[in-house]
Amino acid sequence: MDTSIPFQIRAQGAAVRAAYALPRPLRRLLAGPPVRLDGQQLALDAQLLLRLQRIGGNHLVDPRGVAASRRSTDLGRHLVSGPPIEPVATREVVIPSSGGELAATLYTPAGLAAPSGLLVFFHGGGWVVGSRTSHDNTARFLARHAGVRVLSVEYRLAPEHVFPAAVDDALAAFDHAHKHAAELGADPARIAVGGDSAGGNLAAVTAQTTCRRGGPAPAFQLLFYPATDASVRRRSRELFADGLFLTSAHMDWFADHYAPAGVDRTDVRFSPHLAEDLTGLPPAYVATAGFDPLRDEGEAYAARLAEAGVPVALSRQPDLIHGYINFLGIGHRFREATAEAAGALRMALSA
């Protein structure tokens, strides 16, 4: 037993594991009647998680503020992420950036020869919360199941560092990975960028910026429910505004911290969907969740990529909620969806 984990979190974790171990009829009874919306039915695994979240009083955004929200996000992995996926070796990497040195972790699955494909990964969390810690098992899962190295980057967060600090760090991380590919055990021609939510935004922006400036650019984009357009509220933002993990109010809270008054939210480094020209970008896998306020802007971005002639695979997981790549330790459905993405990454970066 890890006594460094607060007792309340350990107790909640045990309760979550017990709930998911129940027979399906009892899980359904606990979760409540099936939820159907917009022609979709919410997966029982997702509905049960939301029910347990409400019972436990857990929130994506802690009403006590930024520091409490960050701590809750990092501790939340003990409830939903599962035990560390092994065998995956890790080592710390330091990346120079305009804002100072960035910490990063390199994940290498056992038996992977060098040089291999590499994913430069940017965690989600609205540019405000989230960390390498909160996304540790996600990075391990992608490394193991895609058969690639994963470099998970601790970019600067708002409100201490507002837009475009995170963008600058993401670009610095990609450039460092390409320049030092041999030291990382990577093939410089097989470096992808990826991330979830805000991290997906940073990956998309990194792909656009590197392609437009000339020089090294990613070979592939792995975008999980990315934030792509802050200029308009699409239908999914209204349909799934509340009660489904990420809420519309949360989105406002994150954006207001990252891009406060005076920031142009139509800047393509914040809203990559608004870029005039998307031709020549690297192939992309874009995953969306059916019950997610970000669903429609992710799918709109995938459509724009396709229209520009970029090879793109759009995969809506119609029964899931935002954040599903972090819920790998509970049920089965979240792992299935993440495994599909890992398969796409494996194929894209195969030698």
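Using label points projected 7 Å from each Cα along Cα→Cβ, tell me how many nm separate ALA68 and GLU92, to one decimal.
Going by the 7 Å Cα→Cβ label model, 3.0 nm.
For the chain, set up a Gaussian network in which alpha carbons nearer than 10 Å are linked by springs, and say which option among ALA300, ALA68, ALA146 fluctuates the most.
For the chain, modelled as a Gaussian network with Cα springs under 10 Å, the answer is ALA68.
If you average the alpha carbon positions of the range 252-304 and of the range 1-38, how far apart do those two centres end up, in angstrom?
Going from one Cα centre to the other spans 32 Å.
When the chain is modelled as a GNM with alpha-carbon springs shorter than 10 Å, which of LEU22, LEU274, LEU202 fluctuates the most?
Of LEU22, LEU274, LEU202, the Gaussian network model singles out LEU22 as fluctuating most.
Can you give me the pair-distance distribution of the range 270-351, C-alpha pairs, 10 Å bins, whole percents?
Histogramming the range 270-351 at 10 Å steps yields 17, 44, 32, 7, 0 percent.
Considering only protein heavy atoms and a 1.4 Å probe, what is the carbon-and-sulfur percentage of the accessible area of the range 7-79?
That fraction is 60 percent.
Heavy-atom accessible area of THR288 with all protein chains present, probe 1.4 Å, nearest 10 Å²?
Surface accessible to solvent at THR288 totals approximately 0 Å².
Probe radius 1.4 Å, ligands and nucleic acids ignored: give me the carbon and sulfur share of the accessible area of the range 85-349 as a rounded percent.
53
Specify the inter-centroid distance of the range 329-351 and the range 114-151, based on alpha-carbon positions, in whole Å.
12
Taking the mean number of other Cβ atoms within 10 Å as a proxy for protection, how do you rank 229-236, 69-76 from highest to lowest?
69-76, 229-236
Over the alpha-carbon set of the range 7-79, work out the extent along each principal axis and list the three values in angstrom, largest first.
Its Cα atoms span 37, 30, 16 Å along the three principal axes.
What whole-number value in Å² describes the accessible area per residue of the range 85-349 for a 1.4 Å probe?
Normalised by residue count, the accessible surface of the range 85-349 is 33 Å².
Largest first and in whole Å, give the semi-axes of the range 212-351's equivalent ellipsoid, each being the square root of 5 times a Cα gyration tensor eigenvalue.
Semi-axes from the Cα gyration tensor: 23, 23, 13 Å.
Obtain the radius of gyration and the Kirkwood radius of the range 166-293 from its C-alpha atoms and give Rg over Rh.
With Rh from the inverse mean 1/r over Cα pairs, Rg/Rh is 1.00.
So what does log10 I(q)/I(0) come out to for the chain at q = 0.12 Å⁻¹, using the Debye formula with one equal point on every Cα and no solvent?
Listed by q, the Debye log ratios stand at -0.82.
Leaving out ligands and nucleic acids, note down the accessible area per residue over the range 7-79 with a 1.4 angstrom probe, in whole Å².
Solvent-accessible surface per residue comes out at 56 Å².
Give, as a single signed number, the net charge of other residues whose beta carbon lies under 10 Å from the beta carbon of SER97, with Lys and Arg counted +1 and Asp and Glu -1.
Every neighbour counted, the sum reads -3.
Output the relative contact order of the chain, whole-number percent, from Cα pairs under 8 angstrom with separation of 6+ residues.
Relative contact order of the chain: 18 percent.
The values are calculated or read from the model by the stated rules, or taken from the named source; none is laboratory data. This one's a predicted model, so the numbers in the text were calculated from it and none came from an experiment. FYI the Cβ positions are ideal-geometry reconstructions off the backbone, even for glycines, and counts take in every protein chain you see. The protein model used for the area step is the full one, side chains on, heavy atoms only, and it has no ligands, DNA or RNA in it. Shrake-Rupley method; radii C 1.70, N 1.55, O 1.52, S 1.80 Å.
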